[in-house]
Amino acid sequence: MEPLNRREFMAMTAAPPLLQATQPGSGSMFVCMHEASSARFDFKTAMEGYAKAGIRAVEPDLTKVREFAQKESPAAARRLLDDLGLRAVSSSNQLQLPEPGNARAQALEDLKWKVELAKTIAADRLVTPSAGTGMYTEDDYKKGVDNMREAAEIAKPFGVTPMLEFARTSRFAACLPTALKLVREVNHPNYKVMMDTWHFWGGVSKFEDLELLRDGELWHLHFEDVPAEPIRELQQQPHRKFPGEGIVPLKRIVQVLKQKKYARAASLEMFDPMIQSMDPYEVAKKARATIEPLIA
């Protein structure tokens, strides 16, 4: 895709929207693009494609932002987003922060540059998935609370809030009730809980678990569908579907989240190599077409 200037982008995105597109800060849920959905493209190309499709909220991959910044500058990454009319409502990601383990020391070092870069692009959130594979004890969970509080203290001076993402394959935090219990025990203004509908519906969480959320407690949402086939025990990340193409009662989930005062992003995070290789403009266009009817 050829680079476009701001005026050309504004002209392209002035066309009638698919629905009345909701924008960040409007007090309602809105469509967001997670850059993992365009993993085969660089930061600039992905962001230009999303903006061309009328997207206004993005969740950049900080590794790709750093690659761009090393060629240009961190300030140039922020200018690119501003010029395209994009707001970084979250950023991705940092593994191995909650769980005790040998890899955590390096994770903390990586966290330091990531929160600094997130601040530069005006992203005030950072996804921290649980990917633990160990056999954990009660003491490990107590240590995990301390670990998350330490990460929150690192992020706090940069105005960034790490968010615990429970994952269906994690042996440490695989469901919403566990994630809520841990984050509540952390009890720090710079550590919150988030949810991915793929992990929520495809894992051991129950629909009724949504009622455990306090008003305004959910800080971010990844929004995808789970297919009927293959059976869930065989499903991997690339099996994720666009919202509405699978078996998740997304409309019901959205209704409950709205009752719980969630008015933030519905961020599409896809791992199918075919989708990741598609023109980011086409992926973002389909994201709007599939997500907007569900969150309207």
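Remarks
- Peptides 264-274, 139-149 ranked from most to least packed give 264-274, 139-149, packing being the mean of other C-beta atoms within 10 angstrom over each peptide's residues.
- Calculated [222 nm] ellipticity per residue, helices only, for the chain: -12000 deg cm²/dmol; basis is -39500 (n - 2.57) per DSSP H run with n ≥ 4, divided by all residues, nearest 500.
- Cα centroid separation - segment 34-48 against segment 250-296, whole Å: 16
- Figure legend: label point modelled 7 angstrom from the Cα of Asp279 along Cα→Cβ; residues of segment 47-75 with amide N under 12 Å from it are 49-50, 52-53.
- By average C-beta atoms within 10 angstrom, highest first, the peptides 206-219, 46-59: 46-59, 206-219
- Nearest-0.05 FRET efficiency for Ala75 and Gln236, computed from C-beta distance (R0 51 Å): 0.85
- Extension gain, Lys206-Asp82: 0.36 nm per intervening residue step, less the Cα-Cα distance, totals 40.7 nm.
- The DSSP beta bridges internal to the chain are antiparallel in roughly 5% of cases.
- Under 15 Å, Cβ to Cβ, from Lys261 - net charge with Lys/Arg +1 and Asp/Glu -1: +2
- Placing pseudo-labels 7 Å out from each Cα toward the beta carbon at Arg171 and Lys258 gives an inter-label distance of 4.1 nm.
- Highest average packing first - 172-181, 240-249, 102-111, Cβ atoms within 10 Å: 172-181, 240-249, 102-111
- The simple spin-label model puts a point 7 Å past each Cα toward its Cβ; for Glu116 and Ser28 those points are separated by 4.1 nm.
- You can think of it this way: the chain between Arg40 and Asp272 has 82.4 nm of extra reach, that is 0.36 nm per residue less the Cα-Cα gap.
- Averaging 1/r over every pair of different alpha carbons in segment 23-295 and inverting the result gives a Kirkwood radius of 18.6 Å.
- Over the chain, relative contact order from alpha-carbon pairs under 8 Å, at least 6 apart, %: 22
- Extension gain from Glu217 to Thr63, taking 0.36 nm per residue of separation minus the Cα-Cα distance: 52.6 nm
Here, each number is a calculation from the coordinates, and none is a lab measurement. Since we're looking at a predicted model, the values are computed, not measured. All Cβ positions, glycine included, derive from the backbone under ideal geometry; neighbour counts span all protein chains shown.
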